[in-house]
Amino acid sequence: MASRPRIGVYICHCGTNIAATVDVEAVTEFAKNLPGVVIARHYTYMCSEPGQALIKEDARKLGLNRVVVASCSPRMHEPTFRAASQEGGVNPYQFEMANIREQCSWVHHDRDEATAKAKALVVAAVAKAARLEPLEDREVGVTPGAVVIGGGVAGMVAALDVAEAGFPAYIVEKSDHLGGHVADLNRTFPDLEPVAEWLPGLIERVQSHPNITVFLNAQVARVEGYVGNFEVTVSGSKVSGSGLGEPGTHSLQVGAIIVATGYKVFDPHRKPEFGYGLYPQVITTLEMERRLAEGDLAVDGKEPEHVVFIKCVGSRDKQLGNPYCSRVCCMISAKQAQLVRQALPDTRVTVFYIDVRTFGKRGEEFYDEARRSGVRYRRGNVSEIYRRGDRVVVRVEDTFLRRTLEVEADLVVLAVGMEARQDTDEIATLLKLPRSADGFFLEAHPKLRPVDTAMDGVFLAGCCQGPKDIPDTIAQARAAAASALIPLLRGTVPVISETAVVDPELCAGCGMCVEVCPFGAPALDPLWGVSRVNAVLCKGCGACAVTCPSKAIQVRHFRPDQILAQVDVLVE
Amino acid sequence: MQADIQELAKELGLGLDLLGCIQCGKCTGGCPVSITTALNVRFLVYEALVDALPDLGGMEELWDCTCCFTCVERCPKDVRPAELIISLRSQLVESGKIPGTIGDALMSIFRQGNPLGFAREDRAAWAEGLGIKSAREGCEVLWFVGCVPSYDMRSQAVAKAAAKVFQAAGVDFGILGTEETCCGNEVRRVGEMGLFEMLVEEGKPLLESVGAPTMVTTSPHCFNTFKHEYNLEGMEVLHYTQFLARLIEEGKLTFSGKVERVVTYHDPCFLGKQNHVFDEPRAVLQAIPGVKFVEMDRIRERSLCCEGGGGRMWFEGTNTEERLAFQRVHEAAETGAEVLAVACPFCMSMLEDAVKVQGLEDRLKVMDILELVAEAM
Ligand SMILES: Cc1cc2nc3c(=O)[nH]c(=O)nc-3n(C[C@H](O)[C@H](O)[C@H](O)COP(=O)(O)OP(=O)(O)OC[C@H]3O[C@@H](n4cnc5c(N)ncnc54)[C@H](O)[C@@H]3O)c2cc1C
Ligand code: SF4
Ligand code: SF4
Ligand code: SF4
Ligand code: SF4
Ligand code: SF4
């Protein structure tokens, strides 16, 4: 059992954030008399250098073996104080925090009541601290290499960076070729560079790189393991110097996984008012790319007199369940409209829009160029298309004119948005990745962690995380590669110590913990019939502990006796 | 004002969401009357949003709205813009500033239970001698005949055809006779919320008391309000086209005759756009032996409104020269069809008038699907 507690308690003023509402002196005096407490102090800013120094010096001089800080939320400064305790010779897991700011001074006005509550929070923290046991920080080794799921530009670029850093990279591509959607494009904004001038080179670099292995017609069948040590089972054909191999199953051992599965274009059959599939004159921007590449803009063998673009098809639409803006279709429309003007100078080109969102670098200038080339921009969200002779009629309100028009056209191009692929669920299930409301994969934090996921060691690249253009896709792919390289380069990954453990004497082998664990950490030992936790997979969430009917599985640092001690002193 | 209107709409149980609007124009762009009249629902939403609505009394175009709900169906932000028009109409109703013909119709509904000005006692006169039982005796199917089929001469033929078809298919059905009262679908849409509430309060217990598991309506308008606004318990509401399609599928409705004609079909807004019943009417028509079915260009979600809904049966509209029904009958005639099939008493009336005015009588006949089915029995 642990040594006799010698606890130091530190009450923070947080400037006036806490001290203005809570009587910190009274709380300090109160703490001094709690069982096991050797010293109690208060200070203006505990997180400051001198504040931390107080902890370190006391710990050394008084031989403390437990530290309690009553201040802000542990989210911010728990690591700070753990480190300070450790420097003073206290095991960092024998540190406990009482949140008397967010949970007390910020939400209460009455000084007496707030002070009483702060005392209660401190007494509970002290009670728990007395029962905390020392834990060790742990690390595991990393298998060098990364699997990249998806071989579009995102996947290819990410794989190249991993490979260039000297690690094996495996691209698993579902279709029979690399390149993704970009392989179907003609020229790209904002420079109108032909895709043929850069994509084949990129594909060639990938295919000839000694560190990259490409699987085509391939899929990930299974993923086991954890950050640093994944085992990915792939079914598909390996590409080698002599071409495509026989289909088969391949087991890959890697330290990180990059998801780069891209998007699908919106299917305009779901907007029946546009008559897509009914009128040969109505096509999508993706189909238009092919036509522009082939220089074939004729409808029924005739050069079109009027080409109309309709923006936001399938995007910004609550009723369809796609409330987001697809971010690329304004630029795509500006690109294609310009190219039509260049190819057919006598053809009238009109873009109907709700807003023009040409925001990226050189975006606004590109929009200027489109208008200068003679493209007419008119504001109005087209409502309907019908036939008139061998042309179609676009029915739309020009909201500036405040007039509803029937505009005749020979070719109507629907600027279809981006959607999450239908098979996103398969990957989400395999890798236990959450998805955001729009269906795309969810990043770990919208600002601070845009390429991480809820799963350690799994990163996002490109449009699988949300609509983007190629520059943004590549930027994110390189960010994902850099993040994946961190564990690969370091060679070890830290794992948390507050994990679940099973008492084999108590475990009845019912398997309920196996079922409830979101991270697949516990498994029933086939020999003994009792549960065992893979401490590397365990996140310490506690779901198993509250589920286990035998109370056999418990999370270190959050054991029932530790928590109940906290509750008991509060109830007293 | 903006907050007031949003608040009013909420009180009236309308899902209007003014603050959701991005002024994209999809609503007005698809509004069937936005080219022929001054009605611009998108701009109305804007005026309401920025507190700039003019005096409503001078806005006769508010009564041009047919409540086809094309704008509601297509609005990407789910603003439900037509419900602003209904809210504004309700304000006009409150202050008594409504077109006289609409006022007369409402008064007739209040007094006689129908908008056509006929006496309640005569509601079931058309059914005399047809052997139709009262729903009060108990029945599997409560047939809600509707006001227009009960009183209007042309539509009575449709009611009689329905009776013949149901009887031939061995359906155990009954009607409410003189107890049947206007469903109130248009009452609500012209903004007479008080009267509508009264109709529901009296109608709901009456309909439920029959104890029939199924109600079948002749009109898509009755179907719409019973299905969505009455909250009827223990009763499935069907439009007759759905019911017939079911009978045909179950082999209960069979044909011994033939209708050797080229037929096209006009989707009623309250059945098609608003309730997505597109396939059943077509299935029924195509099941009739001899019928050669052809489609017009503007069908299903893109169907052209006949301009008969939302109170427009009682109000000519501000543009009496250019009617959508005129365009529609020409489109029907161009398909080579001899029969323009309808499934709604309002469509029947609007389109039949149009055929006459446009001089297409020798080429095109407007018939209800029920009449074609009856002809093939
Ligand atoms: C009409 C149109 C024109 C465009 N024009 C431009 C432009 O001019 N400039 C510009 O910057 N951007 C343009 N874009 C955007 C561009 O297409 C995207 O930015 C880019 O394709 C994103 O690349 P990605 O690799 O993330 O996704 P994708 O290109 O979709 O590639 C994803 C790859 O992953 C594979 N995959 C998917 N699921 C799996 C799975 N489960 N297992 C294995 N493999 C899988 C797919 O087969 C595909 O090869 C345009 C888009 C469209 C629709
Ligand atoms: S990028 Fe432009 S066209 Fe595409 S959804 Fe956004 S606003 Fe609409
Ligand atoms: S839930 Fe408890 S008893 Fe059941 S297998 Fe897991 S640890 Fe053992
Ligand atoms: S604590 Fe959470 S992550 Fe760890 S084994 Fe239990 S359920 Fe799984
Ligand atoms: S369609 Fe909807 S969002 Fe667009 S202008 Fe009309 S009400 Fe506003
Ligand atoms: S309901 Fe129909 S007629 Fe009325 S405003 Fe909307 S689209 Fe126009």
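One line per residue, one yes/no per condition, for (1) assigned to a helix (DSSP H, G or I); (2) more than 9 Å from ligand 3 (Cβ to nearest atom):
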position	(1), (2)
A:E505	no, yes
A:V514	yes, no
A:W528	no, yes
A:G540	no, yes
A:V546	yes, yes
A:P549	no, no
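Quick one: which residue in B:K258, B:K292, B:K273 is within 17 Å of the chain's Cα centre (by Cα), open to solvent by 10 Å² or more (accessible area, probe 1.4 Å) and away from ligand 1 (no atom under 16 Å from the Cβ)?
None of the other options fit; the residue is B:K273.
Residue by residue, here is whether (1) crowded, with 17+ Cβ neighbours inside 10 Å; (2) facing chain A (nearest Cβ under 10 Å) holds:
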{"site": "B:G13", "(1), (2)": "no, no"}
{"site": "B:L16", "(1), (2)": "yes, no"}
{"site": "B:G25", "(1), (2)": "yes, yes"}
{"site": "B:W63", "(1), (2)": "yes, no"}
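Would you check which residues across the stretch A:511-532 are open to solvent by 30 Å² or more (accessible area, probe 1.4 Å) and in contact with a Pro (Cβ under 6 Å, 6 or more places away or on another chain) and list them?
Once the filter is applied, which keeps residues that are open to solvent by 30 Å² or more (accessible area, probe 1.4 Å) and in contact with a Pro (Cβ under 6 Å, 6 or more places away or on another chain), the stretch A:511-532 yields only A:V514.
Just one of the numbered conditions (1) of a type in the set (D, E, K, R); (2) open to solvent by 30 Å² or more (accessible area, probe 1.4 Å); (3) within 30 Å of A:L485 (Cβ to Cβ) is not true of A:E173; which one?
(2)
Please find, within the stretch A:20-52, the residue that is surrounded by the fewest Cβ atoms within 10 Å (Cβ to Cβ) out of those that are in contact (Cβ under 8 Å) with a residue 12 or more places away in the chain and among the small types (G, A, S).
A:A20
Only one of B:G234, B:G290, B:G310 is touching a Cys at 6+ places or on another chain (Cβ under 7 Å) and at positive phi. Can you tell me which?
The unique qualifying residue is B:G310.
Which one is surrounded by the fewest Cβ atoms within 10 Å (Cβ to Cβ), of the residues in the stretch B:295-324 that are within 14 Å of chain A (Cβ to nearest Cβ) and touching a Gly at 6+ places or on another chain (Cβ under 9 Å)? Show your work before the answer.
Here is the first cut: in the stretch B:295-324, the residues within 14 Å of chain A (Cβ to nearest Cβ) are B:295-305, B:319, B:322, B:324.
Then drop every residue that is not touching a Gly at 6+ places or on another chain (Cβ under 9 Å), which leaves B:297, B:299-303.
Numbers: B:D297: 17, B:I299: 20, B:R300: 15, B:E301: 20, B:R302: 23, B:S303: 22.
Only one residue tops the list, namely B:R300.
Got a number for residues in the stretch B:152-187 being surrounded by 22 or more Cβ atoms within 10 Å (Cβ to Cβ) and closer than 22 Å to B:A119 by Cα?
Final tally of qualifying residues: 11.
Restricting attention to the stretch A:272-318, and to residues there that are of a type in the set (K, R) and touching a strand residue (DSSP E or B) at 6+ places or on another chain (Cβ under 8 Å), which single residue is farthest from the other protein chains (Cβ to nearest Cβ)?
A:R291
So the check is Cβ under 6 Å with 6+ separation or different chains; which pairs have a first residue in the stretch A:319-333 that's more than 11 Å from chain B (Cβ to nearest Cβ) and a second one that's in a helix (DSSP H, G or I) and hydroxyl-bearing (S, T, Y)?
A:I332/A:T285
Please determine whether any residue of the stretch A:393-403 is away from ligand 3 (no atom under 16 Å from the Cβ), within 14 Å of chain B (Cβ to nearest Cβ), part of a loop (DSSP other than H, G, I, E, B) and under 33 Å from the mean Cα position of the chain (by Cα).
No, the stretch A:393-403 has no match at all.
Specify which of the listed residues (A:A454, A:A482, A:A508, A:A475) is open to solvent by 50 Å² or more (accessible area, probe 1.4 Å), touching a Pro at 6+ places or on another chain (Cβ under 6 Å) and more than 16 Å from ligand 5 (Cβ to nearest atom).
Matching residue, one of A:A454, A:A482, A:A508, A:A475: A:A454.
What residue, among those in the stretch B:233-250 that are surrounded by fewer than 24 Cβ atoms within 10 Å (Cβ to Cβ) and of a type outside the set (A, V, I, L, M, F, W, C), is nearest to the chain's Cα centre (by Cα)?
B:Q242
So, in the stretch A:334-368, exactly how many residues are within 14 Å of another protein chain (Cβ to nearest Cβ) and open to solvent by 20 Å² or more (accessible area, probe 1.4 Å)?
Summing the residues that are within 14 Å of another protein chain (Cβ to nearest Cβ) and open to solvent by 20 Å² or more (accessible area, probe 1.4 Å) in the stretch A:334-368 gives 4.
Could you please find all residues in the stretch A:283-296 being closer than 20 Å to A:E419 by Cα and either part of a strand (DSSP E or B) or more than 16 Å from ligand 2 (Cβ to nearest atom) (or both)?
Result: A:I283, A:T284, A:E287.
What single numbered condition from (1) within 12 Å of chain A (Cβ to nearest Cβ); (2) at positive phi fails to hold for B:F69?
(1)
Just give me the residues in the stretch A:64-95 being surrounded by fewer than 14 Cβ atoms within 10 Å (Cβ to Cβ) and in a loop (DSSP other than H, G, I, E, B), in sequence order.
A:S73, A:G89
Looking only at the stretch A:372-392, which residues are of a type outside the set (D, E), more than 43 Å from the chain's Cα centre (by Cα) and more than 7 Å from chain B (Cβ to nearest Cβ)?
Within the stretch A:372-392, A:R388, A:G389, A:R391, A:V392 meet the criteria.
The values are calculated or read from the model by the stated rules, or taken from the named source; none is laboratory data. None of the values given here were measured: they were computed from a predicted structure. Backbone-built Cβ (ideal geometry, glycine too); neighbour counts: all protein chains shown. When the accessible area is computed, the model is the full protein with side chains, heavy atoms only, and any ligands, DNA or RNA have been set aside. Shrake-Rupley method; radii C 1.70, N 1.55, O 1.52, S 1.80 Å.
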